[in-house]
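Some notes on the structure that comes next.
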Amino acid sequence: MPTAIVAYATNADPDTGSYLDNAARAARECLDTAGVSVDAIGALINVGIYRDDNLVEPAVSALLQQRIGMGLTYRTGAIPAFSFDLMNGACGLLDAIAVAESFFAVDSLDYVLLTAGDAHPSTQERDDFPYANTGAALLLGRSDDVGGFGVRQTVSSSDALTASAVVPLLESGAGGRSAMRFGAVEDPLEHAVLAVRRCAAAEGLKLTGLTVLAPAPTPDFGARLGRALGLAPEAVLSLPSELGDPHSAAPIFALADATVPPDRPLVLVAADGPVASCICYRPSRIPAAASTTEGH
Amino acid sequence: MLTRFESLGTYVPSTVMSSAELVDSLAAPRTLDLGAITGIENRRVYNRDPADYESSFTLARKAIDDCLSRSDYAPEDLDVVVSASITRTTGPGEFGFAPSFALMLRNAIGAKNAIAFDVSNACAGMSTGVMVLDRMIRSGAVRNGIVVSGEQITPAAETAAREISEPYDPQFAALTVGDSAAAVVLDGAGDADDAIHYIELMTTSAAAQHCLGMPSDRSAGMALYTDNRAMQNEERFTTSIVRLHDFFNETGRTWTEEEFDFLIHHQFSGPAIEYLVRLTESHFRAEVPEVLNVLREYGNTASTSHYLVLREHLRNGRIRKGSKILVIPSASGMVYGHMSVTISRLAG
């Protein structure tokens, strides 16, 4: 049975700069929208990178699990809840979708909840933080009414890499909980272009038949991606510029902002320095005769 | 389809620090028999020499090299690289958040065809990586992959040695950690004699805030703050055993029929492991197989602990071809789980 996007929610409440606050609020709203009980969720995968206090243990997912009341304790007969952080910059959400699909294929899960977003570790608005303080959630389930996801395509640099976002513990002294140093990263445009081309080829689709949901590592990224792919401007849906860059949550913000025809395949794109990913999602079931590739 | 461990590699730094030496280094002097309280006599600590500095990245790289030296797969054959450590240091006091550690490692070893991402799940990180990779292989998404963890975690013990001031101090548990790295290749070529029969993990989040790892707010460095009484008690330990029993019932298995040869717990405390074993015996009303440990010599090596136990007891010949092992993760979060594995190729 195909994997379906059941619901999504975004949160950028101005009363908090905490990732835990933003992501937990988004997760609760997402479940409320779906009408799905927190007790029905088999797994929570958190893909946010920058978090309150530069916390590295436990997984942020466990703290979010606690905040939304998911699997606080275990008793015989309950669905065992599992959670972990998956971290891959802005591309983690698409990796998590692929992992969720593997869980659905092997385990008897009904729902996987993904949380995304970032905050400066100080939980304050900071000019030196290149991303927007946000949280978002995406609930995945299974449904015969959708075409589901295709294979996630990833293109990355094979050059030797050094860390581009670092907590400089020694020079921060007692201020390490609110320190993060950002270095320059490469332009991910070429990787994103190649990923989308591979995606279209793998799905048996023409580029002109796609609606591309573009991220915003830079404000003009969507326009540049569209031009490089030769797409009509209306086929590339960019994030509103006033939002800033929601980084690991960008695909969810793009979904929330987009108005797309339900019969048109969407391509969710993520791009972050040395790596870019995309994944095709068909909101409608593909008629068997019209399908050129195998659904799953 | 069954997955299996195709190869396993580990690396530990050569510098040994005893528990007595560590206690002697406490800024606020204490009379404390750390070895007797924790069962940990020694731990390995990273090389501080700038010319040969052992960061999380360096340690991980060495474990991958050890692992691939026994693998039939070359780096370019790998479909996935998963890095699963708590610590992601790249140099003295440099803790990385981007890009993914897995991508940096992938590029360093030339696994150019692999997708790469990190998982983070406290001391259950490698177990989480193995579980995720097991599902990816069994679903047909990938054919194989490597899960690696390099833990340069003793800087948290250095912070504790500087800052411990209370009789029941939240940084006490940080004195148990040791540096280590492990890597394991999984593929889908398992059979009844060489397989991960099952791996399941669960997070019960009511106690999620009782062990926090973050930079100290009193001095420069990472710190670990643990409320041991809230975290390590009978109620928590029993949760793990009840879930294992329910899993047996759900899948038509019994403790006795599983016929495990060995049991490997997370290496967090000798007395706590003994207590867990007694609770397990009492719950299943059956004997528990021989428990394999390495904590006396290596301490709590965080996410690498079970794999270091496997490697050390393969090396000393305790684990032989055909040995069936129950691996029990336990981690902040709280994360529980169980993995049943029959070892064949690793002992070959």
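Bear in mind these aren't lab numbers, they're just calculated from the coordinates by the rules spelled out. Bear in mind that the values here come from a model prediction, so they are computed numbers and not experimental data. Note that each Cβ is placed from the backbone with ideal geometry, even for glycine, and that neighbours are counted across all protein chains shown.
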Under a crude label model (7 Å from the Cα following the beta-carbon direction), how far is A:A232 from B:R285 in nanometres? 7.3
Expressed in µm² per second, the diffusion coefficient of the stretch B:193-348 from the Stokes-Einstein equation, with Rh the Kirkwood radius over alpha carbon pairs, at 37 °C and 0.692 mPa s, is 198
For the stretch B:76-218, Kirkwood radius (reciprocal of mean inverse C-alpha pair distance, Å): 16.9
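Give me D for the stretch B:153-221 in µm² s⁻¹, whole number, from Stokes-Einstein with Rh from the Kirkwood sum over alpha-carbon pairs, 25 °C and 0.890 mPa s.
Details: Rh = 15.9 Å.
Estimated diffusion coefficient is 155 µm²/s.
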At a 10 Å Cβ-Cβ cut-off, how would you order A:F84, A:F253, fewest neighbours first? A:F253, A:F84
Hull surface divided by four, with the convex hull built on the Cα atoms of the stretch B:55-129: how many nm²? 4.8
For B:T15, residues with placed amide H under 5 Å, excluding near neighbours: B:V45
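Sorted from fewest to most neighbouring beta carbons within 10 Å, what does the list B:S139, B:S71, B:S165 look like?
On the way: B:S139 19, B:S71 23, B:S165 12.
Listed from fewest to most nearby Cβ atoms, that is B:S165, B:S139, B:S71.
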Please turn the phi angles of the stretch B:121-127 into ³J(HN,Hα) values with the Karplus equation 6.51 cos²θ - 1.76 cosθ + 1.60 (θ = phi - 60°), one per residue in order, whole Hz, x for glycine and proline. 8, 6, 6, 9, x, 5, 4
Largest first, please: the extent of the C-alpha atoms of chain B along each principal axis, to the nearest Å. 55, 50, 37
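Provide B:E158, B:E235, B:E54 in ascending order of the number of other Cβ atoms located within 10 Å of each residue's Cβ, fewest first.
Values: B:E158 17, B:E235 10, B:E54 23.
With the sparsest Cβ surroundings first, the list reads B:E235, B:E158, B:E54.
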At q = 0.09, 0.19 Å⁻¹, work out log10 I(q)/I(0) for the stretch A:138-267 with the Debye formula, treating every Cα as an identical point scatterer and leaving solvent out; two decimals please. -0.35, -1.18
For a distance above 16 Å, tell me the whole-number percent of Cα pairs in the stretch A:50-158 that qualify. 68
Could you pull out every residue, at least 5 positions away or on a different chain, whose amide H is within less than 5 Å of the one on B:I40? Hs are placed 1.01 Å off N in the peptide plane, and Pro or chain starts have none. B:G270
Along its principal axes, what span do the Cα atoms of chain A show, with the longest given first and each in whole Å? 63, 51, 35
Across every pair of different alpha-carbon atoms, what Kirkwood hydrodynamic radius in Å does the stretch A:1-119 reach? 14.5
If amide H atoms are modeled at 1.01 Å from N in the peptide plane, then the residues at a separation of 5 or more from B:C123, or on another chain, having amide H under 5 Å from its own are B:S332
Work out from phi, with θ = phi - 60° and the Karplus expression 6.51 cos²θ - 1.76 cosθ + 1.60, the ³J(HN,Hα) of each residue of the stretch A:149-159, listed in order in whole Hz, and give x for Gly and Pro. 8, x, 7, 5, 9, 10, 10, 9, 5, 9, 6
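Grab the beta carbon distance between B:D191 and B:N249, set R0 = 25 Å, and tell me the FRET efficiency rounded to 0.05. Write down the numbers at each step before the final one.
On the way: r = 26 Å, r/R0 = 1.04.
According to the calculation, E is roughly 0.45.
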Run down the lysines and flag those whose C-alpha is under 27 Å from the C-alpha of B:K62, throwing out any fewer than 8 positions away in its chain. B:K112, B:K321
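State the percent of C-alpha pairs, over all pairs in the protein assembly as shown, separated by a distance greater than 43 angstrom.
Working: 34791 of 207046 pairs.
Value for the protein assembly as shown: 17 percent of Cα pairs lie more than 43 Å apart.
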B:N228-B:R48 FRET efficiency (beta carbon distance; Förster radius 25 Å; 0.05 resolution): 0.30
